[in-house]
Amino acid sequence: MKPSNPRILTINGGSSSIKFALFEAGYPLRRILDGVIDRIGLPEASLRVKGLDQADNFSRVVAATDHTAAVGALMDWIEERHGRDALTAVGHRVVHGGPKYSKPQRITEEMVEELHRLRPFDPEHLPEEILLTEAFHRRFPDLPQVACFDTAFHHDLPRVAQMLPIPRRYEALGVRRYGFHGLSYEFLMGELARLVGSEAAQGRVILAHLGNGASLAAVHHGKSVDTSMGFTPAAGLVMSTRSGDLDPGLVWYLAWTEGLDAKRFNAMINSQSGLLGVSETSSDMRDLLDRETQDVRAAEAIALFCYQVKKWIGSFAAALGGLDTLVFAGGIGENATIVRTRICEGLGFLGIELEEQRNATNAGVISSEGGRVCVYVNHTDEEWMIAKTVCRVLDLD
């Protein structure tokens, strides 16, 4: 049975998982359920759903040898539980839009062809994201699909923040700094304006999205003026398994000394580095915090992460000409009290002062009354942002 109000399914595909959510259009936008298919490619892949309806709460093992099989299991469940006409539209988080695509828009055959050409821009995400759109089109050929590009928030970065210092001819091929986590940053700026006011949102803001993938953005007058990620999401901060910024001379050095080719180097910096590479034990900040007093490698991984975030905050404050607001978000940013403390230690010269008790309880405002900079902890919601964007693009509000 077709629902009375439009329903939007959001798809957020990762390298080994697919996060999804179902929303009902209206005011306010209503979340019906959340779910994930994880461990794609492994025998114990699972589909987990949590919804408003108790019948939607379950976890089951699924055959998900690849992303096509995984999304097939999701579509089977949607048809079985909600019916073939349950969906009005699907919104996809597409990590990279290259030089051509920035604004969210309906997915067409022409766009899919262009995204195939863009796969070298982001080989870690784009191939699977394209597969997901194609799988939905095969099953539901008349169902509108909308691409929400994670680079969109940073599309109009100042020229100096876009440029890469390599031969100019590569810029004509689309090689520039793009920035990512745009859906998260757009949501956080909307929440800042809603909760604190437009004056705060128009001020000098640093957003710190700290999760498995981690980045910061400097925002002024509501616009992104710089961000830590660059041409790909591997740039910037040290992350769970990504290296962040490296000396480019390492490419030649490791090719010379270890015979490391481009494919293996790419795998190393995306999947074997970051917190995992330094600690040699885990990519999860929670595990490292549990072990830091017994394992110097875990302690050093945490210290490196906090040190780098601190440096980015300082550099972005310089780019902004000062700082009014700092927002922590993402799994680490929202929950790791001690990490926030260590990041902010020594930043009193910028006006950043945390109130210990507020910080310890993950309060919404964690800055002290006397601090010049307001420091917030906000939950980010990329799925809600995708659904809201789909409603806007397809005029479903």
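Couple of notes before you dig in:
- For Thr108 and His379, the FRET efficiency from 1/(1 + (r/R0)^6), where r spans their Cβ atoms and R0 equals 30 Å, is about 0.35.
- The GluC sites (Glu not before Pro) of region 246-311 that DSSP puts in a loop, and whose beta carbon has at most 11 other beta carbons within 10 Å, are Glu280.
- Nearest 10 degrees, 0 to 90: helix 249-258 Cα axis against the chain principal axis: 80
- Residue-normalised accessible area of region 1-50, expressed per residue, 1.4 Å probe, Å²: 49
- Positive minus negative residues near Thr389 (Lys, Arg vs Asp, Glu; Cβ under 13 Å): -2
- Helix 296-320 axis, angle to the chain major axis (alpha carbon atoms, nearest 10°): 90
- Full extension of the chain segment joining Glu79 with Asp287 gains 71.0 nm, where the gain is 0.36 nm per residue of separation less the Cα-Cα distance.
- Against the chain, whose longest principal axis comes from its Cα atoms, helix 67-82 is set at around 60 degrees.
- Prolate/oblate/rounded call for region 205-313, Cα gyration tensor, a/c under 1.5 rounded: oblate
- Assuming charge only on the beta carbon of Lys and Arg (+1) and of Asp and Glu (-1), the dipole of region 1-148 about its Cα centre is about 400 debye to the nearest 20.
- Each part gets one Cα centre, and for region 220-234 versus region 75-130 those centres are 23 Å apart.
- Portion, in percent, of the accessible area of the chain that falls on carbon or sulfur, probe 1.4 Å: 53
- A simple count of charges around Pro158, restricted to other residues whose Cβ falls under 13 Å of its Cβ and scoring Lys, Arg +1 and Asp, Glu -1, yields +2.
- Dipole in debye (nearest 20) - region 340-397, about Cα centre, beta carbon charges: Lys, Arg +1; Asp, Glu -1: 140
- Here each label is just a point 7 Å from Cα along the line to Cβ, and for Leu52 and Ala267 those points are 4.6 nm apart.
- Prolate/oblate/rounded call for region 269-316, Cα gyration tensor, a/c under 1.5 rounded: oblate
- Total lysine pairs whose alpha carbons fall under 20 Å of each other in the chain (8 or more apart, or interchain): 6
- Electrostatic tally near Arg297: other residues with Cβ closer than 12 Å to its Cβ, Lys and Arg +1, Asp and Glu -1, net -4.
- Working from label points 7 Å from Cα in the Cα-to-Cβ sense, the Val296 to Asp247 distance is 2.2 nm.
- The chain - charge dipole about Cα centre, Lys and Arg +1 at Cβ, Asp and Glu -1, debye rounded to 20: 620
- Cα gyration tensor category, rounded, prolate or oblate, for region 269-397 with a/c compared to 1.5: oblate
- On the basis of the beta-carbon distance and an R0 of 51 Å, Met163 and Asp142 show a calculated FRET efficiency of 0.75.
The values are calculated or read from the model by the stated rules, or taken from the named source; none is laboratory data. Every value quoted in this text rests on a predicted model; they were computed, and no experiment measured them. Here Cβ is always computed from backbone atoms with ideal geometry, including for glycine, and neighbour counts include all displayed protein chains. Just the protein is used for accessible areas: all its heavy atoms, side chains included, with ligands, DNA and RNA removed. Shrake-Rupley method; radii C 1.70, N 1.55, O 1.52, S 1.80 Å.
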